[in-house]
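For reference, the structure discussed in these notes is given below.
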Amino acid sequence: MKKVVVGVSRALSPHPVGNAFEEQLFFTYDGMGRQTNAAIRATHAACASAPEGASTGAQAFCGLECVTLLLQGGLRVRDSAGHDHTLAAGDVLWNGAGRGLLREERPAPGAPLEQVSLWINLPAQYKLTEPHCQLIRSASIPALSLPGETGSLRLIAGEWQGQLGPAETVQSLQLWDLTLKAGQKTSLPLQNGWYAVLLTLTGTLRISHWLHPVGPLQTAMLDAFGDETGLHAEGDEDVRAILVSAQPLNEAISGQDGLVMNTPEQLAHMQQALAQGAFGALPALD
């Protein structure tokens, strides 16, 4: 049975993040992310050419994982837990904040940049774990053909046709980078009982059981019930989209920006910890 589209929304207007890039919000835990929990936030960021020394500044996180999909350009990501990685186009960084850290992104100067960022909520029992980080190089991500050579699927996390993605995740989820060739149709098997979110980046997409086209930088939320969805790349442009679908995390959310806990009391405790310096500090630049 095909999943029903619950709704479609357009990404919000761009806003600057430091002087690094402009970011557009697909959804967050104040809205749709409460229903799609554990996938609680998604953004798209881009800049034509970052200046020398461009930075997001130090951003505080706890109780979640930050997932960065670098689509174009170069990006240095470092945090107060000692992780420091430079990403190239196609790489993915899976950064678990756990009990708290400060994190900074610095785009490569003088080049275009494009990325999608996801926040994956951690279950209550893992919210205070030690920070962790997994750098997934593009070459290690399986690039698989969709049925009938209608397109391709980069398998970042989860399973597709018996293959597993390289991402090591706390809870069960699917994260796919999809390309559907112009004019082509395909059907994707999805987990029954899990919500799914499609983030369109380019092209115009038709989704089964939805009357309207879904264009660039729009979000389509698919209901938990059903075990597949049908897609059609309408027009003469390939569709590129990110699909994320996670086992439902039926836990309360109490958050402020990148601090995401279960109760207001826990959130207040983490805010105090941040103010007292418990999240550490970013090391001096080389």
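Overview of results
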read-out	value
Accessible carbon and sulfur surface of the chain relative to its total accessible area, %, 1.4 Å	51 percent
For segment 1-116, alpha-carbon Rg and Dmax in angstrom	15.0, 51
Residues in segment 240-271 reached by a label modelled at F225 [backbone nitrogen below 18 Å; 7 Å Cα→Cβ]	248
Top positive-direction residue, dipole computed over the chain with Cβ charges, set A88, L231, L146	L231
Dipole magnitude (debye, nearest 20) for the chain, charges at Cβ of Lys, Arg, Asp, Glu	300 debye
Percentage relative contact order, segment 1-109, counting C-alpha pairs under 8 Å, at least six apart	25 percent
With all protein chains modelled, accessible area of I207 [1.4 Å, Å²]	10 Å²
Relative intensity, log₁₀ I(q)/I(0), of the chain from a Debye sum that treats every alpha carbon as a point, q = 0.14, 0.15 Å⁻¹	-1.01, -1.17
Relative contact order %, segment 124-239, counting alpha carbon pairs below 8 Å whose residues are six or more apart	23 percent
Segment S172-L128, length gained on full extension (0.36 nm per residue, minus Cα span)	13.9 nm
Relative contact order [Cα under 8 Å, 6+ residues apart], segment 204-249, whole percent	42 percent
Å² of accessible area per residue within segment 238-283, as computed with a 1.4 Å probe and no ligands counted	49 Å²
Inter-label distance for S9 and A268, nm, one decimal - labels placed 7 Å from Cα along Cα-to-Cβ	2.9 nm
Convex hull per residue volume in Å³, alpha carbons only, for segment 155-286	171 Å³
Ratio of Rg to Rh over segment 84-221 (Cα coordinates, Kirkwood Rh, two decimals)	0.97
Charge-dipole axis of the chain as Lys and Arg at +1 and Asp and Glu at -1 on Cβ define it, positive-most pick from L128, A11, G53	A11
Cα-projected label distance for N250 with N19, points at 7 Å along beta-carbon direction, nm	5.0 nm
Average accessible surface area per residue within segment 1-125, 1.4 Å rolling probe, Å²	34 Å²
Mean residue ellipticity (222 nm) of the chain, computed from DSSP H runs ≥ 4 via -39,500 (n - 2.57), nearest 500	-1500 deg cm²/dmol
Reference-scaled alpha-carbon Rg (2.2 N^0.38 Å with N residues) for segment 87-156	1.42
Estimated FRET transfer efficiency when R0 is 41 angstrom, pair H209-Q276 (beta carbons, to 0.05)	0.20
Cα centre as origin, Lys/Arg/Asp/Glu Cβ charges: segment 147-268 dipole, Debye	220 debye
Rounded tilt (10° steps) of 264-275 against the dominant C-alpha axis of the chain	50 degrees
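The values are calculated or read from the model by the stated rules, or taken from the named source; none is laboratory data. None of these values were measured; they are calculated from a predicted model. With ideal geometry, Cβ positions are generated from the backbone for all residues, glycine too; neighbour counts draw on all protein chains shown. When the accessible area is computed, the model is the full protein with side chains, heavy atoms only, and any ligands, DNA or RNA have been set aside. Shrake-Rupley method; radii C 1.70, N 1.55, O 1.52, S 1.80 Å.
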